[in-house]
Structures are given as structure tokens and as C-alpha cells.
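Single-structure report; data block below.
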Amino acid sequence: MKTFGKYSWAPNGRLVAIEYLPAGGPDLNMVNHIGVLALDAATGKAQAFTPRVTTPVANRGPEWHPNSGAIVFASTGDPERFYAVGSAVRILGLNESQPTVTPVDGEWSFL
């Protein structure tokens, strides 16, 4: 991991979702991944970091579902055409391998 951006504590206090720039990746703030850091419940020490969202686009703003079982984030771009902008809110369950697009009603913007 090169640098990290926004992070979000899970409501259960045992997991942290972290937005980061991958090591060896471009020095652009346009390719962000999201990983999960697991903490020991008794000591609070880091146990394991697991990359969870690694598509070659901007995956940003991880937030936890209230039950600590899923991460909600915004994904901007198109892996097939890096320059194409197409924001979507996505949700990734901790037991799922691929995020799903979440419908959003009304106007919204991604910063």
C-alpha cells in the first residue's frame, strides 16, 4: 500500500475499511482500492489486511453498513476505458467476491 485516504470503522469496532493507492500503481488519485483491516478484539492490534475492491478505477468513500457485514462505496470510471466517467454507488458484502450496483433515487454527486 502506497498511501491511504478515507477510512471507516465498522460499527462492531473490529474492522476498518481503508481507501488506498496500490503499491506499484500510478501516482494518480484516480485508481483507488479498498481493503479491510481486521483488529484483535481484545488488544486492538492489527491482525490482517485484505484487499477487497481492486478494480482499476476510483473506488472511494468506504462506509459500513450498520450490521458491519458490508461496505458501501462510490466507484467512478470504466475499467475498459479508464477516462470514462460513470459514477455508481456499490455495495460489497464481506462474504461476496464482487460488489453490486445500488440504485440511487434523485440527484447526487461524487467528490
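The values are calculated or read from the model by the stated rules, or taken from the named source; none is laboratory data. Source: prediction; values computed, not measured. No Cβ is skipped: glycine too gets one built from the backbone with ideal geometry, and neighbour counts run over all protein chains shown. For the accessible areas, the whole protein counts, side chains as well, though only heavy atoms, and no ligand, DNA or RNA atoms are used. Shrake-Rupley method; radii C 1.70, N 1.55, O 1.52, S 1.80 Å.
A few remarks follow.
- Within region 57-72, being part of a loop (DSSP other than H, G, I, E, B) and open to solvent by 60 Å² or more (accessible area, probe 1.4 Å) holds for HIS65, PRO66, ASN67.
- A Cβ distance below 7 Å, combined with a sequence gap of six or more or placement on separate chains, defines the contacts here; from region 33-60, residues that are farther than 26 Å from SER75 by Cα reach residues that are open to solvent by less than 50 Å² (accessible area, probe 1.4 Å) and in a loop (DSSP other than H, G, I, E, B) in the pairs GLN47/ASP40.
- Of all the residues in region 47-56, those that are over 9 Å from the mean Cα position of the chain (by Cα) and either among the hydroxyl-bearing types (Ser, Thr, Tyr) or buried (at least 20 other Cβ atoms within 10 Å of the Cβ) (or both) number 2.
- Residue list for region 1-46, filter: surrounded by fewer than 16 Cβ atoms within 10 Å (Cβ to Cβ), in a strand (DSSP E or B) and modelled with pLDDT of 85 or more: GLY5, LYS6, TYR7, TRP9, ALA38, ALA46
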